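Participant: Before we start, here is the structure in question, set down as structure tokens.
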Amino acid sequence: VEEKFESCQILALEIDLDMTMTEKIDLALKTMLPDAKTIADYIDSSQYQELRSYMINDVGIKEKKTDKYMRLKPFFLSSVILTEQLDDIKSYEEELMAMAKKNKMSTMGLESIEYQFDILDKVSIEDQLTLLMEGTKEQEDGKDQFAQMVDLYKNQQLNTLYELTISESTGIDNFKTDFLDTRNSNWVPIIEESIKDSSVFIAVGAGHLAGETGVISLLQAHGYTVTALKD
């Protein structure tokens, strides 16, 4: 993978992470609940204390940080909880961006951050909260689930990973259409245009790769040969 990366002139991610400070601040604000509300404004006090206790006692987040995180929309709070559970995990996107900067590569996004937030905001805060609270009751630790998904990805078991992604998102209406299929379809012409004159390293979430409407199948349908890299 590193060898292929070195041969490319452009790095394409789902969104371009090369942002100005103003754009980063605006992005951070979009992750917050509206009107200075907190999670406590959406659930009863017993549920709130249950969630707070889980974050502090089970996940190990300090009280001050927990209260600060309670201002996030549930989707982003779930992400923060997983990140805290994983402790020293690295981000593929951030690592790739650092490599691109070192190689003086151009960067691009297959979609805008505004588009991503529009999709996320289709899911009501209440439905996001239901998924969040269900996650706190699951017996399997988020760290174990994440390790399972990484293992499937590294072993190129993309179909299994795809099915797992779908099964874990049954609480989100139109998840497959809004979060996967439509975006995959939107990306293909952008990918085709970008690779006409340059070698492009394209990195997207693994859930987008498999399935009949996955990026791999869509590119193959457009006549491209897609070959997995082997160790």
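The values are calculated or read from the model by the stated rules, or taken from the named source; none is laboratory data. All figures in this text were calculated on a predicted structure; none of them were measured in a lab. Cβ: placed from backbone, ideal geometry, glycine included. Neighbour counts: every protein chain shown. All accessible areas refer to the heavy atoms of the entire protein, side chains included, with ligands and DNA or RNA removed. Shrake-Rupley method; radii C 1.70, N 1.55, O 1.52, S 1.80 Å.
Participant: On full extension of the chain, what length is gained from THR130 through GLN148, given 0.36 nm per residue of separation minus the C-alpha to C-alpha distance?
Facilitator: 4.1 nm
Participant: If you don't mind, there's one more thing I want to ask. Relative contact order of the chain, please, whole-number percent, based on alpha carbon pairs below 8 angstrom and at least 6 residues apart.
Facilitator: 31 percent
Participant: Using θ = phi - 60° and the Karplus curve 6.51 cos²θ - 1.76 cosθ + 1.60, what whole-Hz ³J(HN,Hα) does each residue of the stretch 169-175 get, with Gly and Pro shown as x?
Facilitator: After applying 6.51 cos²θ - 1.76 cosθ + 1.60, I find 10, 5, x, 10, 4, 6, 4 Hz.
Participant: Can you sort GLU23, GLU6 by 1.4 Å-probe accessible area, starting with the largest?
Facilitator: My answer, sorted largest first, is GLU6, GLU23.
Participant: Evaluate the charge dipole of the chain about its Cα centre and quote only its size in Debye, nearest 20, assuming +1 on the Cβ of each Lys and Arg and -1 on the Cβ of each Asp and Glu.
Facilitator: 520 debye
Participant: Over 25 Å between C-alpha atoms is what I'm after, so list which of LYS24/LYS104; LYS65/LYS176; LYS73/LYS143 land there.
Facilitator: Pairs exceeding 25 Å: LYS65/LYS176.
Participant: Compute the separation of the alpha-carbon centres of the stretch 36-62 and the stretch 97-157 and state it in Å as a whole number.
Facilitator: 22 Å
Participant: Considering only protein heavy atoms and a probe of 1.4 Å, how much of the accessible area of the stretch 30-86 is carbon and sulfur, as a whole percent?
Facilitator: Percent of accessible area from carbon and sulfur atoms in the stretch 30-86: 47.
Participant: Related question: Using the crude model of +1 on Lys and Arg Cβ and -1 on Asp and Glu Cβ, and no other charge, please compute the dipole size for the stretch 18-84 relative to its Cα centre, in debye to 20.
Facilitator: Its charge dipole is roughly 140 debye.
Participant: Which one, GLN85, ILE25, SER124, projects farthest toward the positive side of the charge dipole computed for the chain from Cβ point charges (K/R +1, D/E -1)?
Facilitator: Most positive-ward Cα: ILE25.
Participant: Compute the orientation-averaged projected area for the stretch 25-132 from the convex hull of its Cα atoms and round it to one decimal in nm².
Facilitator: 8.2 nm²
Participant: Nearest 0.05, what FRET efficiency do THR182 and ALA40 give at R0 = 35 Å with Cβ-Cβ as r?
Facilitator: 0.55
Participant: Have a look at the DSSP beta bridges in the chain and tell me what percent are antiparallel, nearest 5.
Facilitator: Rounded to the nearest five, the antiparallel share is 10 percent.
Participant: Return the Rg/Rh value of the chain, two decimal places, where both radii are evaluated on C-alpha atoms and Rh is the Kirkwood radius.
Facilitator: Ratio of gyration radius to Kirkwood radius: 0.97.
Participant: What nm value, rounded to one decimal, do you get for the distance between SER91 and THR227 when each label is placed 7 Å out toward the C-beta?
Facilitator: 3.3 nm
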